[in-house]
1. Enter the per residue convex hull volume of the stretch 55-115, computed from alpha-carbon coordinates, in Å³ rounded to the nearest integer.
2. With +1 on each Lys and Arg Cβ and -1 on each Asp and Glu Cβ, how big is the dipole of the stretch 16-80 about its Cα centre, in debye rounded to the nearest 20?
3. Rolling a 1.4 Å sphere over the protein heavy atoms, what is the accessible area per residue of the stretch 26-91, to the nearest Å²?
4. Among Gly14, Leu52, Thr38, which residue has its Cα positioned farthest towards the positive end of the charge dipole of the stretch 4-60, with +1 placed on the Cβ of Lys and Arg, -1 on the Cβ of Asp and Glu, and the dipole taken about the Cα centre?
5. With a sphere of radius 13 Å drawn around the Cβ of Asn81, what net charge do the other residues whose Cβ falls strictly inside it have (Lys, Arg +1; Asp, Glu -1)?
6. Take the solvent-accessible surface of the protein heavy atoms, probe 1.4 Å, and return the percent of it on the stretch 7-84 that carbon and sulfur atoms account for.
7. If I model a spin label at Leu70 and Val26 as a point 7 Å from the Cα along the Cα→Cβ vector, what separation in nanometres do I get?
8. So, R0 is 41 Å and r is the distance between the beta-carbons of Asn91 and Leu34; what FRET efficiency does that work out to, to 0.05?
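The values are calculated or read from the model by the stated rules, or taken from the named source; none is laboratory data. Because the structure is a prediction, the values reported are computed rather than measured. Using ideal geometry, Cβ is built from the backbone for each residue, glycine included, and neighbour counts are taken over all protein chains shown. For accessibility, only protein heavy atoms count, side chains too; no ligands or nucleic acids. Shrake-Rupley method; radii C 1.70, N 1.55, O 1.52, S 1.80 Å.
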Amino acid sequence: MHTAQAQDGAVSFGETHIFVGPRYLVTVRHGTSLSYNTVRARCEREPELLALGPAYGLYAVLDFIVDNYLPIVDEFREQLNELEQDIFAENFSRQTVRKLYELKRELTRLRLAVAPMQDITDGAFWTLIHEYGGADVYWTEYFRVRADYTPERRIVADIRPDRFGGNPNA
């Protein structure tokens, strides 16, 4: 699972490896990622959900990763708004085009990091629910409903670089 943080006007990426079984959840972070102490605290505040098995812990970790994408997308929106103003300004600058393509490149990198999340989460929860019996009907319905509204789906739609026009691979 890719993690991301905005640092010095660019996006830095890391990875979180998640190992989950019928009675355990282990995460290993590499590179850029915030501490998961807040995830642990969240789970400890909801022992009734945690008692249902590792599915809630997995959900909390994935939710935390996705929540960290949102400030990056907001920053990109602000940059895009500024660039739009520069494009239509009286004194157009070649630097504006350069910034636009740099933003497009960063958006493409973020999209490539975020895009696999739905397949990863679907596979992880399917395994927990069907192979390990690690979730009951409550969790099956909970994750089905959440999957329809997950932030990563909105992010992937929002950061399509082809919305800038031209070749999205530029």
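1. Numbers: hull volume 3.9 nm³, N = 61.
Convex hull of Cα atoms, per residue: 65 Å³.
2. Working: 6 positive and 8 negative charges, 64 e Å.
It works out to roughly 300 debye.
3. Numbers: 3880 Å² over 66 residues.
Accessible surface, normalised per residue, equals 59 Å².
4. Leu52
5. On the way: positive: Arg77, Lys99; negative: Asp74, Glu75, Glu78, Glu82, Glu84, Asp86.
Neighbour charge sum, excluding Asn81 itself: -4.
6. Working: 2230 of 4320 Å².
Looking at the stretch 7-84 in its full context, I get 52 percent from C and S.
7. Simple spin-label model gives 3.1 nm for this pair.
8. Working: r = 40 Å, r/R0 = 0.99.
Taking R0 as 41 Å, the efficiency between Asn91 and Leu34 is 0.50.
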